[in-house]
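> Before anything else, here's the structure in question.
The values are calculated or read from the model by the stated rules, or taken from the named source; none is laboratory data. Small disclaimer: the values here were computed from a predicted structure and weren't measured. Heads up, the Cβs are rebuilt from the backbone with ideal geometry, glycines too, and the neighbour counts pull from every protein chain shown. Accessible surface areas use protein heavy atoms only, side chains included; no ligands, DNA or RNA. Shrake-Rupley method; radii C 1.70, N 1.55, O 1.52, S 1.80 Å.
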Amino acid sequence: MTAPEPALSVVVPMFNEAAVLPLLAARLRGVLDGLGEAYEVVAVDDGSTDGTAAGLAALRAGWPELRVLRLRRNSGHQAALVAGLLRARGGYVVSIDADLQDPPEVIVEMLRRARADRLDVVYGVRADRSRDSRFKRWTAAGYYRLVRHLVGAQMPAQAGDFRLLSRAVVEALRALPERSPVLRLVVPWLGFASGEVAYERRERAAGRSKYPLSRMAGLAAESVTSFSAAPLRVATWLGLAGVALCGVLVVVAVLAWFAGATVTGWPSLYVAILFLGAVQLLCLGLLGEYVARIYTAVQGRPAYAVASDSADGEPARPDAAELADSLR
Ligand code: UDP
Ligand code: MG
């Protein structure tokens, strides 16, 4: 790398954000230019199919600090974030959504806190989610309760992917063997000194949310299975409970036989069969969940592929290097 290391990198994952791009560029640039320090903005174009790529190219002409990382295909918010983080060069790296729900002005405060209190992680914590839909708030509250249980109390509530990381944290992430870590879980888990900055979550400035229910459910499932083997134990407990229940049913059947009411025994039979069938299916499903994870890990496919990085010059880096990168 030839360019001097900037003090700050701002990673912005974008998927079809052409509508919001001009607004974002104006606000973000205003804030960052005001810092009076060297910075870079790493825009990760997550395989957008609208005018995002063209918009970024146009912006780059007049904004030398803007760096564009284009992923070859849509890889999802988390993978895009990881791609940007691992390639950011700044001493501090802030990740922020493109839709201006996270106000860029907060970056200044994050940086100040990190330096003043010598923190490695500063979380942006949503002080007020009243602008999110009720459904989004409920599902988010459930999600945070769950992951706090899994990761432990060092996981701040209501912290999304708006956060500042020091170079040390980015290098620790790079050293992880996981190829698609759920950052909002893995970062607290790493255990660096951290602080919080409260901010008000705004409405999306333009465009539509790219997080439908299916993706939120996917993130929750990924969070649980990547942090806990507890669901496997649920299968064991259910199996044991099934056995116990069968024992009770046997006793009931014997008593019924002594009472001379044996014909009525057949409901207990089909209840037992149904119940055992259900338990077996559930156990199989849970095993399948983990086997699937082992499968993808063994396949060893990178979670993303960078098509081009404006900092490297236009031709894409060879895939072998990219693979090595994501394996490290
Ligand atoms: N995003 C992305 N790839 C995707 C989906 C989303 O890079 O496949 C980006 C998106 O452009 C935005 C951020 O992730 O900058 C958060 O997405 P969004 O605002 O749609 O989610 P929400 O705020 O509704 O949860
Ligand atoms: Mg958003």
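> Applying the selection to segment 171-210, what residues are among the hydroxyl-bearing types (Ser, Thr, Tyr), open to solvent by 40 Å² or more (accessible area, probe 1.4 Å) and closer than 20 Å to LEU100 by Cβ?
Within segment 171-210, just SER209 meets the criteria.
> How many residues does segment 186-220 hold that are aliphatic (A, V, I, L, M), under 11 Å from the mean Cα position of the chain (by Cα) and more than 17 Å from VAL122 (Cβ to Cβ)?
3
> Can I ask one more? When segment 247-258 is examined, which residues are found to be under 54 Å from the mean Cα position of the chain (by Cα) and surrounded by 15 or more Cβ atoms within 10 Å (Cβ to Cβ)?
Scanning segment 247-258 gives LEU249, ALA253.
> For ARG163, which of the numbered conditions (1) in contact (Cβ under 8 Å) with a residue 12 or more places away in the chain; (2) within 16 Å of ligand 2 (Cβ to nearest atom); (3) over 15 Å from VAL82 (Cβ atoms) fails to hold?
Going through the list (1) in contact (Cβ under 8 Å) with a residue 12 or more places away in the chain; (2) within 16 Å of ligand 2 (Cβ to nearest atom); (3) over 15 Å from VAL82 (Cβ atoms), ARG163 breaks only (3).
> Now for a different question. Looking at SER95, SER75 in this structure, which one is on the phi < 0 side of the Ramachandran plot, touching a residue at least 24 places away in the same chain (Cβ under 8 Å) and within 16 Å of ligand 2 (Cβ to nearest atom)?
From the options SER95, SER75, the qualifying one is SER95.
> May I pose another question? Those residues that are closer than 17 Å to VAL106 by Cβ and touching a Leu at 6+ places or on another chain (Cβ under 6 Å), I need them from segment 25-55; list them, please.
Scanning segment 25-55 gives TYR39, VAL41.
> Among the residues of segment 116-153, count how many are open to solvent by less than 50 Å² (accessible area, probe 1.4 Å), charged (D, E, K, R) and in a loop (DSSP other than H, G, I, E, B).
The number of residues fulfilling the criteria is 3.
> Are any of the residues in segment 95-103 of a type in the set (S, T, N, Q) and out of contact with any helix residue (DSSP H, G or I) (no Cβ under 6 Å at 6 or more places or on another chain)?
Yes, that holds for at least one residue.
> Then there's this: Does ALA168 qualify as being within 16 Å of ligand 2 (Cβ to nearest atom), among the aliphatic types (A, V, I, L, M) and either in contact (Cβ under 8 Å) with a residue 24 or more places away in the chain or surrounded by 16 or more Cβ atoms within 10 Å (Cβ to Cβ) (or both)?
So ALA168 fails the test.
> If only one of ALA205, ALA193, ALA221 is within 13 Å of ligand 1 (Cβ to nearest atom) and either in contact with a Lys or Arg (Cβ under 9 Å, 6 or more places away or on another chain) or of a type in the set (Gly, Ala, Ser) (or both), which one is it?
Only one candidate qualifies: ALA205.
> Same structure, new question: Among LEU232, LEU213, LEU219, LEU238, which is the only one that is open to solvent by 40 Å² or more (accessible area, probe 1.4 Å), over 23 Å from PRO104 (Cα atoms) and within 16 Å of ligand 2 (Cβ to nearest atom)?
Of the residues listed, the single one that is open to solvent by 40 Å² or more (accessible area, probe 1.4 Å), over 23 Å from PRO104 (Cα atoms) and within 16 Å of ligand 2 (Cβ to nearest atom) is LEU213.
> Over 32 Å from the mean Cα position of the chain (by Cα) and aromatic (Phe, Trp, Tyr): does that describe PHE275?
Taking the combined requirement at face value, the residue satisfies it.
> Please work out if GLN101 is within 17 Å of the chain's Cα centre (by Cα), assigned to a helix (DSSP H, G or I) and within 16 Å of ligand 2 (Cβ to nearest atom).
So GLN101 fails the test.
> Which condition number in (1) under 23 Å from ALA25 (Cβ atoms); (2) β-branched (Val, Ile, Thr); (3) away from ligand 2 (no atom under 16 Å from the Cβ) is the one that VAL106 fails?
Checking VAL106 against (1) under 23 Å from ALA25 (Cβ atoms); (2) β-branched (Val, Ile, Thr); (3) away from ligand 2 (no atom under 16 Å from the Cβ), the one that fails is (3).
> Could you tell me which of the residues ALA19, ALA43, ALA58, ALA53 is touching a residue at least 12 places away in the same chain (Cβ under 8 Å) and either within 28 Å of ARG118 (Cβ to Cβ) or away from ligand 2 (no atom under 16 Å from the Cβ) (or both)?
ALA53
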